[in-house]
Amino acid sequence: MNNENVVIKTNRLIIKNSTLGDAEGFFEILSNPKMAHFVKLITDISQTKKMLEKKIIKYSGNNGIMFSVFESRTMQMIGNINLKIIDKNIASLSYIINPKFWNVGYATESAKAVVNWGFSNFNLNKIVADCNENNLASIKILKDKLNMQLVDIKQNYMFDEYRNKMVAFMFFELNK
């Protein structure tokens, strides 16, 4: 399947393949101190460009797809959402949203659109996702908005630099 020119439109968003031209938008998100709860912060644009180049390659071909999410009214990049193929008919969903756009439903709107697109275009049977136990907004999106089932909680799964301790991760899945 050719995943190079995918565009998904929702009521408020345009979701399209990430490109190196999205580096400034990624930098704005990944350098925001509010993101330290969830990702390792990036301190300069050159780091962002290197990371973006590696991820675009990682998600190319049959490995999945990496999307940048834009607010359709302003065309400002507000986030990133990915589907990574982890088995023949299973993909892992991940996303980040610029904190300036939290609590307006963009994560839910983009996730629903990409999940539907993934089931239709990648012939998936299952989509999985995970998140830090402290990421209450993502837990709500995965469980309540996407109707994913909680299938596991792994204690002391990952070191949270922001909290300076090991934290649990919650694992979800959605069958077609």
- If you plug each phi of the range 114-123 into the Karplus form 6.51 cos²θ - 1.76 cosθ + 1.60 with θ = phi - 60°, what whole-Hz ³J(HN,Hα) values come out, in order, with x for Gly and Pro? 6, 4, 4, 4, x, 4, 6, 9, 9, 6
- What are the ³J(HN,Hα) values, in whole Hz, obtained from phi via the Karplus relation 6.51 cos²θ - 1.76 cosθ + 1.60 with θ = phi - 60°, for each residue of the range 51-67 in sequence order, with x given for Gly and Pro? 4, 5, 4, 5, 5, 4, 5, 4, 9, 7, x, 8, 7, x, 8, 10, 10
- Query: When the chain is fully extended, how far beyond the present Cα-Cα distance does W102 get from N62, taking 0.36 nm per residue of separation?
  - Reply: 11.3 nm
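Quick one: dipole size for the range 7-128, taken about the Cα centre, charges +1 on Lys/Arg Cβ and -1 on Asp/Glu Cβ, in debye to the nearest 20. All intermediate terms of the calculation are to be shown ahead of the outcome.
Details: 16 positive and 8 negative charges, 43 e Å.
Dipole about the Cα centre, nearest 20: 200 debye.
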- Item | For the range 7-128: lysine pairs under 16 Å (alpha-carbon distance), excluding those fewer than 8 apart on one chain | 18
- Note on the structure: For the pair V151 and N134, the simple spin-label estimate (label points 7 Å beyond Cα toward Cβ) gives in nm 2.7
- Message: Under the rule of at least 5 residues apart or a separate chain, name every residue whose amide H is placed under 5 Å from the amide H of G105.
- Response: none
- Message: On alpha carbon coordinates alone, what is the Rg over Rh value for the chain, Rh being the Kirkwood radius?
- Response: 0.94
- Message: Just to be sure I understand: with springs between alpha-carbon atoms less than 10 Å apart, which residue in Y106, Y59, Y157 has the highest mean-square fluctuation in the Gaussian network model of the chain?
- Response: Y157
- Would you compute, from DSSP H runs of 4+ residues alone, the mean residue ellipticity of the chain at 222 nm, taking -39500 (n - 2.57) per run and dividing by the full residue count, rounded to the nearest 500? -7500 deg cm²/dmol
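All of the numbers you see were taken from the coordinates with simple rules; none came from a lab. Everything quoted here is computed from the prediction, not taken from an experiment. When we count neighbours, we look across all protein chains shown, and the Cβ atoms used for this are built from the backbone with ideal geometry, even at glycine.
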